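Nothing in this text is a laboratory measurement; each read-out follows from the coordinates by a stated rule. All figures in this text were calculated on a predicted structure; none of them were measured in a lab. Cβ: placed from backbone, ideal geometry, glycine included. Neighbour counts: every protein chain shown.
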Amino acid sequence: MPKKDLRFPLDEKAIKTLADSLVGQTISYWEDNRLLRSLVTRAEVKRDRYGNPYVEVEFAEAGVPVSAEPA
C-alpha cells in the first residue's frame, strides 16, 4: 500500500485532530506532476529528525488520476 508524508503548518494538537479526520476520506495530492486521488486507510502523526510533527498516510490503492474520474 502506498504511503505519503503530508506536512501542515499546525501545532501538535491540531495535527493529531487532522490525522484522525483523514482516515476514511478520499484526498487529492500531487505526485510526479500528476494530480491523484486515493482513499486514506491509515494516518499516523510522526516527527522528523528536527522534532517537527507531520502526518504519514497510507492509501488503499495506487492513486487514480483526477482527470480519469467520471464527472
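Table for the structure above
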| read-out | value |
| --- | --- |
| Using a Förster distance of 25 Å, the FRET efficiency for residue 49-residue 21 (Cβ separation, nearest 0.05) | 0.40 |
| Interatomic Cα distance distribution for the range 3-68, bins of 5 angstrom, percent | 4, 18, 27, 22, 17, 10, 2, 0 |
| In the range 1-49, trypsin sites (Lys or Arg not before Pro) in a DSSP loop with at most 16 other beta-carbon atoms within 10 Å | 7, 49 |
| Loop-resident sites, the range 1-53, for chymotrypsin sites (Phe, Trp or Tyr not before Pro), counting at most 14 other Cβ within 10 Å (DSSP) | 50 |
| Likely footprinting exposure, 10, 36, fewest C-beta neighbours within 10 Å first | 10, 36 |
